[in-house]
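Values in this text are rule-based calculations from the coordinates and carry no lab data. As the structure is a prediction and not an experimental result, all values here were calculated from the model. So basically every Cβ, Gly included, is an ideal-geometry build from the backbone, and we count neighbours across all protein chains shown.
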Amino acid sequence: MTVPAKPHAVSVTSPMGAPPGADLRGWLDHLQARQRLAIAHPGVDLRFGVAGVANRLDGTRASFFPSPSGHDVPVVSGLLSQRGWMAEAMGVSENELISTFEAACQEPVPWRETTTAVCQQVVHQEVDLERILPIPTHNEHDSGGYITAGLLISRQRSTGAQNVSIHRLQVNAANRLGALLLPRHTFAFFQEREEQGEDLEVAVVIGVDPLTLMASQAIVPIGQDELEISSALRGAPLPVVKCQTNDVRVPADAEIVIEGRLLANRREPEGPFGEFPQYYGVRAERHVIEVDRVTHRKQPIYHTIVGGGLEHLLLGGIPREASFLAYLRRSFPCVHDLHLSRGGVCRYHLFVQVDSPKPGEVKNVILGALATHYDIKHVTVVNTDVNVHDPAEVEWAVATRFQADRDLVVITGTQGSKLDPSADDGVGAKLGFDATVPPQAPP
Ligand code: MN
């Protein structure tokens, strides 16, 4: 294939015996050897062309684009677009996927710092983002090019704790990115600095291995560095390197690193952008990153995620399922399994399976489930005879075991997803269906 360098020629830090997803280039070879990587003809258009091809192959093959729009740097998309691929990347079977991920969240492994890193082989002190990187435009009404698979890593100055999360990043200027920060950890780190009138130092890392990509989506407490979950998933400390212009530590084997600062007291228009619920997020004044430097491998590979595709939905969904299951089991021993459905964009609809709940306990499970994450909007609880991973079976349980006057829970005025177009700037209602067999029902 046309991946410019073989993984093991340049990646001396990958541990032997690591799962296939521990290395991006190794993973691409793995996919290619199984006819799951489509190589496009050179020159596919960065404007809509890359997204169009990637969408067509969504859930069947990853896609690799040599010289997109004539750019030197190739683009890849669809690295993890099936549950089974995620399990394979982790080196486990599909039914061990959730438990293995959750174990890594519970027992993170510190990273290992190195001083020489392939992600710093080439250094750009003069930054012109669209000249250095092939940044695609995915949707007709997007405001322009967006970085969609960049891990935003920030560091809390008082504690040295890091946070990793993915944010959509609009190209505002040659050295400025617009960022959508939802009210979670990056936002909290930034707020702390902005109150002092100071910028928050960050790095945006593009082209990481599949395990680090999955780790970035873990729902873990603030202060827990998601890179340590990547270490746990690979069974060895993840090699990291300090950025050249700030103290943020980034995966040493990454393809591309954008170093910069989230600017205090600065907002610029961002959007519209086609988001995961299959709607456009509107244009508004949003946060700004000023870029100080770009470093990358020799002949780097640029990763893009197409909004609303399976890679996007599952990357958010699977780590959430793992976190939510562990969280609910702490309070409710009856919780057996759960599923974030694709129709609910792997975010908003949670199906929970319970085994012999006590009287009234299902309602408590609904309340607990609605509180796990603000994105959870509708919860449906079923018994263990219903396959929670099959939406048709869940609907059958609602059809035959649910009565709205008895089994419905509605809570108004709650915090929800700002990307849900039916909510009022993220504030809306939550709903629970108790679709379990009523305790007094005849067998
Ligand atoms: Mn976090």
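Data table
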read-out: Ellipticity estimate at 222 nm from DSSP helix runs (n ≥ 4, -39,500 (n - 2.57)) divided over the chain, nearest 500; value: -7500 deg cm²/dmol
read-out: Two-decimal Rg/Rh across the chain, once Rg and the Kirkwood Rh are taken from alpha-carbon atoms; value: 0.97
read-out: Sorted by Cβ neighbour density within 10 Å, fewest at the top, the residues Leu338, Leu57; value: Leu57, Leu338
read-out: Sum of side-chain charges, Arg168 neighbourhood, beta-carbon under 9 Å (Lys, Arg +1; Asp, Glu -1); value: -2
read-out: Histogram of C-alpha separations across segment 99-205, 5 Å bin width, %; value: 2, 9, 15, 19, 18, 18, 11, 6, 1, 0
read-out: Share antiparallel - DSSP beta bridges, the chain, percent rounded to 5; value: 75
read-out: Length added when fully stretched, Trp396-Ala371, from 0.36 nm per residue minus Cα-Cα; value: 6.5 nm
read-out: Extended-chain gain in nm, criterion 0.36 nm per residue less alpha-carbon gap, Tyr279 and Arg157; value: 40.3 nm
read-out: Fewest-first ranking of Val171, Val381, Val123, using other Cβ atoms within 10 Å as the exposure measure; value: Val123, Val171, Val381
read-out: Under-27-angstrom lysine pairs by C-alpha in the chain, whenever the two are 8 or more apart or on separate chains; value: 11
read-out: Difference of contour (0.36 nm per residue) and Cα-Cα distance, Gln35 to Ala188; value: 50.8 nm
read-out: More than 16 angstrom apart: percent of Cα pairs within segment 356-412; value: 48
read-out: Simple Cβ-charge dipole of the chain, Lys/Arg +1 and Asp/Glu -1, about Cα centre, in debye nearest 20; value: 340
read-out: Counting all C-alpha pairs of segment 23-83, share separated by more than 13 Å (%); value: 58
read-out: Neighbourhood charge, 12 Å Cβ-Cβ cut-off, centred on Gly78 and excluding it, Lys, Arg +1 and Asp, Glu -1; value: +1
